[in-house]
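Read-outs: derived from the displayed coordinates by stated rules, not from any lab. Bear in mind the structure is a predicted one, so any value in this text is a computation, not a measurement. Counting neighbours? That spans all protein chains shown, and the Cβs are built from the backbone with ideal geometry, glycine included.
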Amino acid sequence: MNSANQRRAQTGWRALALWLRIRFFSLDQPLFWLMMAIFVLSLFAVYSASHDDPDRFINHLRNLAMSLTLMCVLSQIPSVQLQRAAIPLYITSLLLLVAVQFFGETSKGATRWLNIGITRIQPSEIMKIAMPMMLAWFIHRKEGLEGWRNWLAACLMLVVPTLFILKQPDLGTAVLVAASGTFVLYFAGISWRLLLWVSLAVLMLVILLITLGDAACAPDISWPGLREYQRQRICTLLNPMQDPLGKGFHILQSMIAVGSGGLVGKGWLQGTQTQLEFIPERATDFIFAGYAEEFGFIGATLVVILYLGVVLRGLWIAIGAPTIFSRLLSGSLSLMIFTYAFVNLGMVTGILPVVGVPLPFISYGGTAMVTLGIGLGLIFSIARDRSRVTQGFSLQR
Amino acid sequence: MSTDFRVRATVAALAVFGFFGILILRFANLQVWHHEDYAVKAENNRVALLPIQAPRGKIFDRYGEILARNDAGFSVEIEPARAKNLDESLAVLTDILSLSPAEIKRFKRSAAEARKFDSVLLKSKLTDAQVARLVVQIDQLPGVRVLRRNLRAYPFGSSSSHLLGHIGRLSRKDQEMLEQSERASEYFGVTHMGKLGIERSYEEQLRGEVGFQRIEVTASGRTVRELALRPAVSGEDLLLSIDFGLQRLVEAAYGSRRGAMVALSPKTGEVFAFVSMPNFDPNHFVDGVDSDLWNELSNSIDKPLLNRALRGIYPPGSTYKPFMAIAALASGERRPQDTIQDPGYFMLGNHRFRDSRPEGHGTVDLKKSIVVSSDTYYYKLAVDMGVDVIHQYISPFGFGQKTGIDLEGEAAGILPSSEWKMKRFGKEWLTGETPSIGIGQGYNSFTILQLARATAAIANGGKLVRPQIVRAFRNPLSGKTTEIPRAPAQELGFNPEWVNLVKDAMVGVNISGTSAGVFRGTPYTVAGKTGTAQVFSLGQNEKYSAGRIAERLRDHSLYIAFAPAEDPKVALALVVENGGFGAASAAPIARKALDYLLITRPAEGKVLQ
């Protein structure tokens, strides 16, 4: 009797299902499922770190949904359109960075935020996306980086915003912004020789720090180019026992949490270091300490493997990307996710100094979730271009 | 370009592999190789041990008088880790509690040694008004707590202070001592320990066992839950053989005079009285004595901190003669009937040794030599025996040796011999030094405790007992009493006839001899011997006024006695420093003590066995 209606309804459901499937499957599948796995881990980790504030877990769910939505929406934008956004985005965020210098809000000794009436924004965060887009577009337009003028221009584009951010001061973000730009230049063809020398210099510096650490960390010595608190962070890393209840407390307690987790961990919600609040910032920058305490070496390794998967898949997408712009952008964004993960995990396990870098897609906090959601959305978008090229058809009408 | 990109992407991928590999190695380093270390650290973070003080055992005299007890009182403690602004808090507390700078200094010193979540005692024995003011302001003083705590109290103040001793805060030195003897764990969380006297010697029984509450704490020190509880075990009560009534009587008899007195049972060695005068109030020492009082006590020429009964060494003077008499008989150097002529002096070569009685005592045999206290008899006896024979036959009485009393810090004194002199001074013994030995002078120097025990050995017919102050332990919960086994008396092997002869002579002392006047009319028979010991010199650095010097150069007055002579229940020895002639100062105190033990106490139904 109602077969026509039924059929119409069925057709409607089917159409919706088909549309969703197309939209959904148009996302790069391996990358998507890797992301989902990381999201699931983040739910466990943030829940465990939220016993003192149940709202935190709800907020985290909201942040994840927001990040996922951004990812899906951005993935639908063709990369040609993305190219057009490069210059306006870069210039806007640069202007906002300048504005922060004059009108920014200061908290905890750093001026990072800008109040724009409806909400507060952090322009340096936008720069993390704007920087690689701008450089990728610039190199795309010049079809490579031939000639010293182009090099100089590219370097200026990289250095100017970085200096502004360093001045706020915000070492963690400056490192990430500089890294995102540097990765673009790397993929665009920095000479191997230069790269080798820089790597060697960095290696020497690290070795020098470790061997001369004690002398260089004497209280009355200052280091050129670094602020006192930055010098102290590095010194604390070299010898956390110098001040176990003060500056060394973060690193020490974090290492105790990770180490006490052992092979299989103490069990979810059973980590004493995190549940008894021995870990500072245990839901945000130091969330991995509690996670590794509760899930052990196996859980910690799993996280690294998932990030490895995401980064390698991102690089794979970059290799197959059709244009210089999309290649450079997706390659650089993939390596930026790597940088986030490596800097955060290195800091939590005490091999890198404490800088404010969250663990991507796991740490509690909306800002990073939005930035990373956008970044991944761009990679998904480029992945779709790639599938169009390689598979020879478009699902878009 | 595309190939180059592919190469660069591959290199980047390899670098990512490498860096993530470093991370995994780091995880393995922390979580697998060093897991144990970090697990212990995490556990130490999480768990705090709160000590529960064990009630210290109480001390009772033989008739149940309480001599040391625990008073509950309020005290203030500060947990420095939780005090936001310690100096500010201390300023407020100084106002409320009127703390002295010394108290604050003491607090800061202990706070510097305390561990993270330890509370540090600031002041105890708060008044009600102070507690009230503190409780009102406690919210503005983070980390400050007002606690009910047990405080050691000695209800009779300075009475018997040398015997009881006192407890005191564990000092850094105590802590080091405990760590060296690997007993530090027994004192974890314990704030006080016995420092002197019985409190120190019986520390182990009195202390009990500290209990613990294992709690889980957050980083900010908040308690989450109790993990385990081990209750404290109370210390054992001590039951002394001391008759505290006698103690106080003797102390009162001394008044402001200095000296020491020991009374004990010749049968068992249990100590009835153990007095050292002057004394001090041990209550001031429980939470650390303030520097003014300390200076006053330690610089006083009366030396109130010296336990004269245990550590003071004195020449015995003529109280030595009964022992010399027995030694003479035992060595065969004299028979009882042997006599000498006492012209009032003894000549050795060209040197004249004077008798205390210038005209002499005429014909003197052994018994008379004791009754009238003839010096000449003993000058000659000593020279006839020689110092080493004297040493041989006197040392069984325990002179110059520790008695083994259950108090720490006993002095040994000196019983001279030629070997001792060679060792001590690197010089040969001179015959000219021997006569003085015979009358208890010269190098002879013994504790009053030794003298009392030796007197007991005459009283009991020649047995050396071990003096013991604590009779039994009593469990404060079950009330079960455990007697402390006594060391058996040591038979000295003297012929009973000789001992009885000397006993008779000592009874004679109180019938017709030197102290007959003092003991006139006693319903019991007393054997005794007076002694007067010369004070040789004062220490070189001691500066006294001329009047004081004269007083302090006077002879020490000594007395030994036992009674009833036919069945001795008590033997005693005492000294009154600079008290002059033995019968003048010391004997009257002995009389008071014996009257008390043998008349007053039995009238109260307290009869000595």
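Laid out as a table, the results:
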quantity	calculated
For B:Gln468, distant residues with modelled amide H under 5 Å away	B:Glu270, B:Val271
Amide proton proximity set for B:Leu170, modelled H, under 5 Å, gap of 5+	B:His192, B:Met193
Listed residues B:Ser100, B:Ala411, B:Gln450: farthest to the positive end of the dipole of chain B (Cβ charges)	B:Ser100
For chain A: rounded, prolate or oblate by the Cα gyration tensor [a/c cutoff 1.5]	oblate
B:Thr514, A:Thr274 arranged by Cβ crowding within 10 Å, fewest neighbours leading	B:Thr514, A:Thr274
Rounded FRET efficiency, nearest 0.05, which uses the C-beta distance separating A:Ala85 from A:Val198 and R0 of 30 Å	0.45
Separation of alpha-carbon centers, the range B:54-87 and the range B:282-296, rounded to whole Å	16 Å
Within chain A, helix-based [θ] at 222 nm, where runs of 4 or more DSSP H residues each add -39,500 (n - 2.57), nearest 500	-25000 deg cm²/dmol
Of A:Phe295, A:Phe249, A:Phe286, the one that fluctuates the most in a GNM where chain A has Cα springs shorter than 10 Å	A:Phe249
Candidate aspartates and glutamates for bridging to A:Lys108, where Cα separation is under 17 Å - those fewer than 8 sequence places away on the same chain excluded	A:Asp170, A:Glu228, A:Glu281, A:Asp285
For chain A, with +1 on Lys and Arg beta carbons and -1 on Asp and Glu, the positive-most of A:Gln270, A:Ile190, A:Ser107 along the dipole	A:Ile190
Partner aspartates and glutamates for B:Lys303 [C-alpha distance under 15 Å; skip if fewer than 8 residues away on the same chain]	B:Asp281, B:Glu542, B:Glu577
Chain B: DSSP helices with Cα axial extent of at least 27 Å and average Kyte-Doolittle hydropathy no lower than -0.5	B:2-28
FRET efficiency, B:Asp290 to B:Thr218 (Cβ-Cβ, R0 60 Å, nearest 0.05)	0.95
Cα centre as origin, Lys/Arg/Asp/Glu Cβ charges: chain A dipole, Debye	1720 debye
In the range B:325-430, GluC sites (Glu not before Pro) in a DSSP loop with at most 12 other beta-carbon atoms within 10 Å	B:Glu359, B:Glu428
Whole-angstrom gap from the range A:44-110 to the range B:217-253, using each part's C-alpha centre	64 Å
In order through the range A:94-102: 3J(HN,Hα) via Karplus (6.51 cos²θ - 1.76 cosθ + 1.60), integer Hz, x for Gly, Pro	5, 4, 4, 4, 4, 4, 4, 4, 9
Net dipole in debye of the protein assembly as shown [+1 Lys, Arg Cβ; -1 Asp, Glu Cβ; about Cα centre; nearest 20]	3100 debye
Lysines with Cα under 23 Å of B:Lys592, excluding same-chain neighbours fewer than 8 positions away	B:Lys267, B:Lys503, B:Lys529, B:Lys569, B:Lys606
Over the range A:196-333, relative contact order from alpha-carbon pairs under 8 Å, at least 6 apart, %	15 percent
Least to most buried among A:Cys155, A:Cys217, A:Cys235 (fewest other Cβ within 10 Å first)	A:Cys155, A:Cys217, A:Cys235
Selection from B:Pro55, B:Phe20, B:Ala72, by position along the positive dipole direction of the range B:1-101 (Cβ)	B:Phe20
Between the range A:149-196 and the range B:310-348, the Cα center-to-center distance that results, in Å	109 Å
Using a Förster distance of 35 Å, the FRET efficiency for A:Phe103-B:Asn85 (Cβ separation, nearest 0.05)	0.45
Anisotropy class of the range A:276-341 from Cα gyration tensor, a/c 1.5 cut	oblate
Value of [θ]222 nm, deg cm²/dmol, for chain B, DSSP H segments ≥ 4, -39500 (n - 2.57) each, nearest 500	-10500 deg cm²/dmol
Candidates per GluC sites (Glu not before Pro) in the range B:60-107, loop by DSSP, up to 11 other Cβ within 10 Å	none
For the range A:63-187, size of Cβ-based charge dipole, Lys and Arg +1, Asp and Glu -1, in debye	100 debye
Sequence-distant residues sharing a close amide H with B:Ile484 (under 5 Å, placed H)	B:Ala472, B:Phe473
Selection of GluC sites (Glu not before Pro), the range A:105-173, meeting DSSP coil and at most 10 other Cβ within 10 Å	A:Glu143, A:Glu146
Test item: A:250-260 mean partner chain Cβ contacts at 10 Å	6
Taking all pairs of distinct alpha-carbon atoms in the protein assembly as shown, Kirkwood radius in angstrom	36.7 Å
